[in-house]
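The values are calculated or read from the model by the stated rules, or taken from the named source; none is laboratory data. Since the model is a prediction, treat every value here as computed from it, not as a measurement. We place every Cβ from the backbone using ideal geometry, glycine too, and count neighbours over all the protein chains shown. Surface accessibility is based on the protein's heavy atoms, side chains included, excluding ligands, DNA and RNA. Shrake-Rupley method; radii C 1.70, N 1.55, O 1.52, S 1.80 Å.
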Amino acid sequence: MEALTAPLYAFLWRLLHLLLHVHTALLSWLRPRLPSPTSRLWERAVAALTVPGAATGFPGHQKTLGLLGGDPTEARRSRWLADGQALEKLPVHIGLLVAEEEHSYTDLANLVVWCMAVGISYVSVYDNQGFFRKNNSRLLEEIVRQQQELLGVDGSRYGVDFLSSSINSYQNKVVSCRPTLKVLCPADGKQSIVQAAQQLCRSVENKQSSSKDISVSSLDVLLRESKNIPDPELVLKLGPVNSTLGFLPWHIRLSEFISLPSHRNLAYEELLAALQRYSCCQQRLGQ
Amino acid sequence: MSWIKEGELNLLERISANVLKAGPMPKHVAFIMDGNRRFARKKNMERQEGHMQGFNKLAETLRWCKHLNIPEVTVYAFSIENFKRTKDEVDGLMELARQKFERLLEERDNLEKHGVCIRVLGDLNMLPLDLQQLIAKAVITTRDHNKCFLNVCFAYTSRYEITNAVREMAWGVEQSLIKASDVSEALLGECLYSNNSPNPDLLIRTSGEVRLSDFLLWQTSHSCLVFQSVLWPEYSFWNLCEAILQYQLNHKSIQKARDLHREHQALQQLEADRACVAEHLQYHGNGKPADAQRRQEALQRYTACREERVRDFLQALKHKRDSFFNDLCSEAVSA
């Protein structure tokens, strides 16, 4: 009996997975072709629905929009800023977790620029192969280019502090009004916890402290010092793989995970929809 | 309600289970069983009744897992953060735990028959003493069973667990069992409460929340995460199948990421050993530059010594943890 049914089940399993793959492929093929809800009207309706009174809440912005209608980059900039302000809450720190094999500098740079334009202060980019870390100058170049293209030449307002985790940047605290980008790789995850642990153990080895002094907050302080950044409140997972793939295990304790199918050909509206979803999330913090 | 639910799957469930089992199956599934209180509110029942139904669902889920050949399950029963809830609710949850662990001891024969090993992960010191003793008894009674494993995270958060692992390593340094330079990713993993389990392949959170809430942060860095909107007491066999299907679709890419990570980790360890040897040779080499062969030999010697130190330390740690449970248990007997 077993000998007869086993191949049948294996066949059914293959069939099932084939169907699922066809389904996913079809969806990803359709995604850029579907009429995207780009109209401002639709967006405003959504904003008004999610945040009652948002449409009337920022009359000033509408005025500027009207005044600056002639300058497309300026109009776009105020529009994006208004979109960010219309949300009930916005993450201070967003993590962009690339969970797919193919990478696109342009699309990722776009996403980073949008995040900064809606008013997010810290953006970190991660992929588990360290691809963007290895090529971070290329990514930076692309971001600067996109900034100029999308937001106009006024690059100073959206300057990017490019941090490498091995370097502690203290200046960063001073220029706090500028959004900060961080490109992370797996070594910033568990390995940085191990380094902090080593540091604590070394101080025990040198009889400077005792094992009893080690607490969650002493470890947290060590891990924060090297990052200078609050924990990401939102992690946007870009790609089909449903895993954190080693992204900052210590720091994602309370992060909300929202998935988007890919960072390639990502539309601004998809980011906005994800941010809207985030703004509706409530945390009970154990209570 | 008991810990073990007997019974076969119905025909349709059995066929589906067999189809799923033709593909790669998770060996270890972790659950954040969220939604008991919302379920109670929805059904207009007492909060405590919601928690009760949640526990019953756990017994049912364990039965499904058994039929799906999933030998290990980890559940988030009570977070350290949950102590912030009202005294009423915390007391109610402690009482529920008391009842369930007493029940577990009554069912010891059945647990033995099914080979169920129950472990409790967390800082027991935060619990009332009688509950600590009860848990210790339950853990000791089932610890030699080896067919399926249920890990109950109780008075647990992942950050606390990681910190505790660091504290244990620092203890090892204090006891001169290991050196600070022996601290590595692998060693930290061995010092976690979960050191007896492989990392979960699949993490499921119910009730539509999309965060980890300080659960198994270290262990799930290469697990498949599935967030489902169903409330935990309403969780069904089909929800579980859907999650496993997700795992199977992700299996290849996650496996690849794991392999990459493992390679990276081995490299990291080799580099750390090299650095220690280089430092050692510098101090004791009388200024002579070491040739490649001597360096290689020194490296091998050093690695062997480190591995032995780590082994002895882990033995001592295991002994320390075992005697914590044994002491609790014998206290209870003499009391």
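Describe numerically, in nm with one decimal, the distance between label points set 7 Å from Cα along Cα→Cβ at A:Ala6 and at B:Asp109.
My value for the distance between the label points is 3.7 nm.
How much length is gained if the chain between A:Gln148 and A:Thr106 is pulled fully straight, taking 0.36 nm per residue apart and subtracting their Cα-Cα distance, in nm to one decimal?
Length gained between A:Gln148 and A:Thr106: 13.8 nm.
Return the value, in Å² to the nearest 100, of accessible area buried between chains A and B (probe 1.4 Å, both sides summed).
5000
Can you tell me the relative contact order of chain B? Whole percent, Cα pairs under 8 Å, sequence separation 6 or more.
22
Using the beta-carbon distance between B:Arg41 and B:Ala316 and R0 = 51 Å, what value does 1/(1 + (r/R0)^6) give for FRET efficiency, to the nearest 0.05?
It comes out at approximately 0.55.
Roughly speaking, what is the centre-to-centre gap between region B:244-273 and region B:177-216 when only Cα atoms are used, to the nearest Å?
One Cα centre to the other: 15 Å.
Report the calculated FRET efficiency for B:Met94 and A:Ala273 (r = Cβ-Cβ distance, R0 = 35 Å), to the nearest 0.05.
Taking R0 as 35 Å, the efficiency between B:Met94 and A:Ala273 is 0.25.
Measure off, as a whole percent, the carbon and sulfur share of the 1.4 Å-probe accessible area of region B:11-261, all protein chains present.
48
What's the extension gain from B:Ser236 to B:Lys252 if we count 0.36 nm per residue and subtract their Cα-Cα distance?
Roughly 3.1 nm would be gained on extension.
Determine the per residue accessible area of the protein assembly as shown with all protein chains present and a 1.4 angstrom probe, expressed in square angstrom.
47
What is the helix-to-structure angle for B:87-106, meaning the angle in degrees between its Cα long axis and the longest Cα principal axis of chain B, kept from 0 to 90 and rounded to the nearest 10?
It works out to around 90 degrees.
5 Å is the cut-off here: which amide hydrogens, built 1.01 Å from N in the peptide plane, fall below it relative to A:Val92, excluding neighbours closer than 5 in sequence?
It is A:Glu233, by chain and number.
Could you work out how far apart the two model spin labels at B:Ser2 and A:Asp71 are, taking each label as a point 7 Å from the Cα in the direction of the beta carbon, and quote it in nm?
7.7
Please sort by residue number the trypsin sites (Lys or Arg not before Pro) in region B:1-105 whose DSSP state is loop and whose Cβ has at most 14 other Cβ atoms within 10 Å.
When the trypsin sites (Lys or Arg not before Pro) of region B:1-105 are filtered for loop state and at most 14 Cβ neighbours within 10 Å, B:Lys43 remain.
Here is the link list: A:Lys207/B:Lys179; B:Lys27/B:Lys66; A:Lys212/B:Lys87; B:Lys179/B:Lys318. Which ones come out longer than 20 Å on Cα distance?
A:Lys212/B:Lys87
Run the dipole for region A:91-287 about the Cα centre, Lys and Arg Cβ at +1, Asp and Glu Cβ at -1, nothing else charged, and hand back the magnitude in debye, nearest 20.
Dipole size: approximately 620 debye.
So what J values fall out for region A:268-273 if you push phi through Karplus, 6.51 cos²θ - 1.76 cosθ + 1.60 with θ = phi - 60°, rounded to Hz, Gly and Pro as x?
Going residue by residue, I get 4, 5, 5, 5, 4, 4 Hz, with x marking Gly and Pro.
Give, ordered by residue number, each residue of region B:137-171 whose 1.4 Å probe accessible area is reduced by a minimum of 10 Å² on adding the remaining protein chains to the chain alone.
Checking the loss per residue gives B:Arg159, B:Tyr160, B:Ile162, B:Thr163, B:Val166, B:Arg167, B:Ala170.
Once you charge only the Cβ atoms, +1 for Lys and Arg and -1 for Asp and Glu, what is the size of the charge dipole of region B:56-171 about its Cα centre, to the nearest 20 debye?
Computed charge dipole of region B:56-171: roughly 240 debye.
Points 7 angstrom from Cα along the Cβ direction at A:Gln85 and A:Ser209: gap in nanometres?
Rounded to a tenth, the inter-label distance reads 4.4 nm.
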